[in-house]
Structure formats: C-alpha cells, structure tokens
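Okay, so here's the structure we're looking at.
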Amino acid sequence: MRVLLWHVHGSWTTSFVQGGHDYHLPVTPDRGPDGLGRARTWDWPASVREVEPAAMRDLDVDVVVLQRPHELELAERWLGRRPGRDLPALYVEHNTPAGEVPETRHPMADQRAIPVVHVTGFNELFWDCGTAATTVVEHGVVDPGHRYTGELPHAAVVVNDPVRRGRFVGTDLLAPIAGVAPVDLFGMRVSLLDRTPGLTTYEDLSQDAMHAELPRRRVYVHTARWTSLGLSLIEAMLLGMPVVAVGATEAPFAVPPEAGLVTTRRDQLLEGVAAFVHDPDRAAAAGRAARQHALDRFGLKRFLRDWDELLAQAR
C-alpha cells in the first residue's frame, strides 16, 4: 500500500516503516515539524520517500496515517482530498491525555470516519474518544541485540526536553537518583542540565551511538510520571538492561518483576537503583529477563502484522 504519514516520532516511525509498504513523508525546505522528511539519525529503508507539499496533489495514496490534529487540515490542503471522506485514514495517538484527566476529550472523539489507534491500553482507557472507533496496537521495536555489559556503575536515563517537560518526565527525580549513583542522561536538549551535580549529559546521539552507550551502564531508570510508554524503555530492555521504573501509566504492565523494579515509592526507587548498581550479577540476570520479555511482547513482527491488518481494513 501507499501510505502517507508525517515524521513526528522518530523511534515509532523507525518501526512502522519496516513493513512491506511504500511510505511517503512530507518534506519542507526548512525541515520543520510539518516537513521533517526522512530521519537523519535512524536507518530507514529505501521504501521511505520524501514528497514536497507542491507535489502531493499528484500523489497516489491508499491511506493517510495521522498523528496530530492539524494534520487533517494539512492533508486536505496539500492532497486536495480530505482524509476520512475522500481517502481512508487512521489516527495514531501516541500520548497520554492532558487536561482534566480522566475526562479529557480526544480531538477525534465522536466521529466515525477515522479510527483512533492507541499505542497503549492505558491511553485507550483514559482518553475519552466518545463514539469514535478505537483500537490498540502496542509498540514494536527493531531488535538492537543483546549488548549489555553494565561495566559502568551508573544509572542511564533517556528523556527529551527534560527542562520543558519537567515533572511529567520526572526531571525532579534526577538529582535524588544522582545522590545514590552517577546518572548519565541521554536525549534532546539535555545539555540544559549540565550543571546538575552527579549528572552527565549526552546530547542527541544517533540511534546507533545510543545503543552502544546505554548498555555500558549498570541500570536503566524510567522516570516518567505522565507520558505514554517510552520506546527508549523497550529498547533498553532489548539491550539487556535491568529496569527501575516509576509505576505510572503503562510502565507497571510493561516491566515484569523479574526484569527489575516498578514502584511509586521514592525511597524504593532510590534503593532499587543503588541495589542494581552495587550488584552486577543481579543486574545482568534481570537484564536477561527484561530482554526476553521485550522480545516476546514488543517484537517487530507482531507490531507489523497488527498494522498490516489495520491498513488492510482501512482500505
């Protein structure tokens, strides 16, 4: 099939474009949020093609995969066809609801033309989509391989925009964690926290570089309070890393007890990090369990199979 989608979430798109379809991504001269085009820090197949807005009127599209509310208007303006009316469409909801949870209304609520595809069961349960058709396709991740060494007695955290997103992603927890173990923080715009004691930042590494660096750390810490299930958490598990996670949103259902610790207690969170940092054998064993669980639940084949079924139904 010929699929039009925007490059919004690089990690999710990396998995999505591994399927057997042709993927068309809008690209603009400034490569801004509505025209990023192909990724520059991920390895994408040749079936992913960039298309300029001016050329989209002549683009033969089977289905549009929307990910943000304003893409509905963009697609209609650039294609000359309205998704959900003139051509099939699906809307992927990546995020937890904001506002008056659990009464937050989804922007696609109460319409029947475009099904809403949630990436976690938590999101589907908490968003109010009204009478809109909903389904869940859990994440699938390209397996980076078991690379865990845990040679550095450090805690690894991956967060984008930690200053702007603050308590949502648990930025306030970084300093307490750094009090029990050195913290290596990876992501975009993490250098704004360079002066935090006990914290070392690694700014916007490529996916390959990230996959090489993360498993050198003893334990992965998932600090988010109110986000969807981060793909970096799943990638860390696939790399063979043990996990200590804040027990919020989907995390308690994604990390089994044998893979680490999920808790809503601050003291237990810090104790869990310290325990893994000081016990390399226990950390390695939990990491092996984490990897096996991630392979079983978040494998790429299952993810692509689920999406093939949805795309076929939409068509």
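Summing +1 for each Lys or Arg and -1 for each Asp or Glu, what net charge is found among the other residues whose Cβ lies under 10 Å from the Cβ of Leu152? Numbers along the way, then the final one.
Values: positive: Arg216, Arg217, Arg218; negative: Glu151, Asp184, Glu213.
So the environment of Leu152 carries a net charge of 0.
Over all alpha-carbon pairs of the range 139-228, lay out the pair-distance distribution in 10 Å bins, whole %, shortest bin first.
Final binned percentages: 17, 51, 30, 3.
Where the only charges are on Cβ atoms (+1 Lys, Arg; -1 Asp, Glu), what is the dipole of the chain about its Cα centre, to the nearest 20 debye?
On the way: 33 positive and 41 negative charges, 35 e Å.
Computed about the Cα centre, the dipole is about 160 debye.
Give, as a single signed number, the net charge of other residues whose beta carbon lies under 11 Å from the beta carbon of Pro97, with Lys and Arg counted +1 and Asp and Glu -1. Walk me through the numbers on the way to the answer.
Working: positive: Arg105; negative: Glu93, Glu100, Glu103, Glu124, Asp128.
Once positives and negatives cancel, what remains is -4.
Please go through the range 103-156 and write out the trypsin sites (Lys or Arg not before Pro) that DSSP classes as loop and that have at most 12 other C-beta atoms within 10 Å. The partial results should precede the final answer.
On the way: sites: Arg105, Arg112, Arg147; in loops: Arg112, Arg147.
Sites meeting the loop and neighbour criteria: Arg112.
Kindly identify the range 92-173 as rounded, prolate or oblate by the Cα gyration tensor criterion: order the square roots of the eigenvalues as a ≥ b ≥ c, call it rounded if a/c is under 1.5, otherwise compare a/b with b/c, prolate if a/b is larger, else oblate. List each step's numbers first, then the result.
Values: a/c = 3.72, a/b = 1.72, b/c = 2.16.
Because a/c hits 1.5 or more and a/b fails to exceed b/c, the range 92-173 counts as oblate.
Using each residue's phi in the range 126-135, evaluate 6.51 cos²θ - 1.76 cosθ + 1.60 at θ = phi - 60° and report the 3J(HN,Hα) Karplus result to the nearest Hz, with x for Gly and Pro.
Result, rounded to whole Hz: 8, 6, 8, 9, x, 8, 5, 5, 10, 8.
Non-local amide H neighbours of His154 (under 5 Å, H modeled in plane, Pro and chain starts lacking H): which ones?
Arg218, Val219
Using per-residue counts of other Cβ atoms within 10 Å, averaged over each peptide, order 1-10, 201-210 from highest down. Walk me through the numbers on the way to the answer.
Working: 1-10: 19.4, 201-210: 15.6.
Peptide ranking by packing, descending: 1-10, 201-210.
Would you mind telling me which residue in Val158, Val101, Val183 has the biggest mean-square fluctuation in a Gaussian network model of the chain, where springs connect alpha carbons within a distance under 10 angstrom?
Val101
At a threshold of 8 angstrom on Cα-Cα distance, excluding pairs fewer than six apart, so keeping six or more, what relative contact order does the range 24-166 reach in percent? Mind dumping the intermediate values first?
Numbers: 198 pairs, mean separation 20.0, N = 143.
Relative contact order comes out at 14 percent.
Can you give me the C-alpha center-to-center distance between the range 20-90 and the range 271-314, rounded to a whole angstrom?
30
On the accessible surface of the chain, probed at 1.4 Å, how many percent belong to carbon and sulfur atoms?
Numbers: 6990 of 13640 Å².
The value for the chain is 51 percent carbon and sulfur by accessible area.
Among Pro256, Pro53, Pro33, which one moves the most in a GNM of the chain with springs linking Cα atoms closer than 10 Å?
Result for the chain, Cα springs under 10 Å: Pro33 fluctuates most.
Before anything else, pin down the relative contact order of the range 52-125: Cα pairs under 8 Å, at least 6 apart, normalised by residue count, whole percent.
Values: 85 pairs, mean separation 21.8, N = 74.
Taking the mean separation of contacting Cα pairs over the length of the range 52-125, I get 29 percent.
Choose one of His24, Pro102, Leu193: the residue whose Cα lies farthest towards the positive end of the charge dipole of the chain (beta-carbon charges +1 Lys, Arg; -1 Asp, Glu; about the Cα centre).
Leu193
Just want to confirm a number: the relative contact order over the range 159-243, from Cα pairs under 8 angstrom separated by 6+ residues, in percent.
Numbers: 111 pairs, mean separation 24.0, N = 85.
Once divided by the residue count of the range 159-243, the mean separation gives 28 percent.
Once the piece of chain linking Glu73 and Arg31 is laid out straight, how much longer is it, given 0.36 nm per residue of separation minus the C-alpha distance between them?
Details: separation 42, 0.36 × 42 = 15.12 nm, distance 1.88 nm.
Gain in length upon complete extension: 13.2 nm.
For the chain, what Kirkwood radius comes out of the mean inverse Cα-Cα distance, in Å? Kindly include the intermediate steps, with their values, before the conclusion.
On the way: mean 1/r = 0.0492 Å⁻¹.
Averaging 1/r across every pair of different Cα atoms and inverting gives 20.3 Å.
Pull out a ≥ b ≥ c, the square roots of the eigenvalues of the alpha-carbon gyration tensor of the range 1-56, then state rounded if a/c is under 1.5, prolate if not and a/b is larger than b/c, and oblate in the remaining case. Write out the running numbers ahead of the final one.
Values: a/c = 1.99, a/b = 1.24, b/c = 1.61.
In terms of gyration-tensor shape, oblate.
GNM, the chain, Cα, under 10 Å: largest mean-square fluctuation among Leu233, Leu261, Leu193?
Among Leu233, Leu261, Leu193, the largest mean-square fluctuation in the Gaussian network model of the chain belongs to Leu193.
Give, rounded to the nearest 20 debye, the magnitude of the charge dipole that the range 181-278 has about its Cα centre when Lys and Arg contribute +1 at Cβ and Asp and Glu contribute -1 at Cβ. Write down the numbers at each step before the final one.
On the way: 8 positive and 11 negative charges, 56 e Å.
So the magnitude is around 280 debye.
The values are calculated or read from the model by the stated rules, or taken from the named source; none is laboratory data. The structure displayed is predicted, hence computed values, not measured ones. Cβ atoms come from the backbone with ideal geometry, glycine included; neighbour counts cover every protein chain shown. Only protein heavy atoms, including side chains, enter the accessible area calculation; ligands, DNA and RNA are left aside. Shrake-Rupley method; radii C 1.70, N 1.55, O 1.52, S 1.80 Å.
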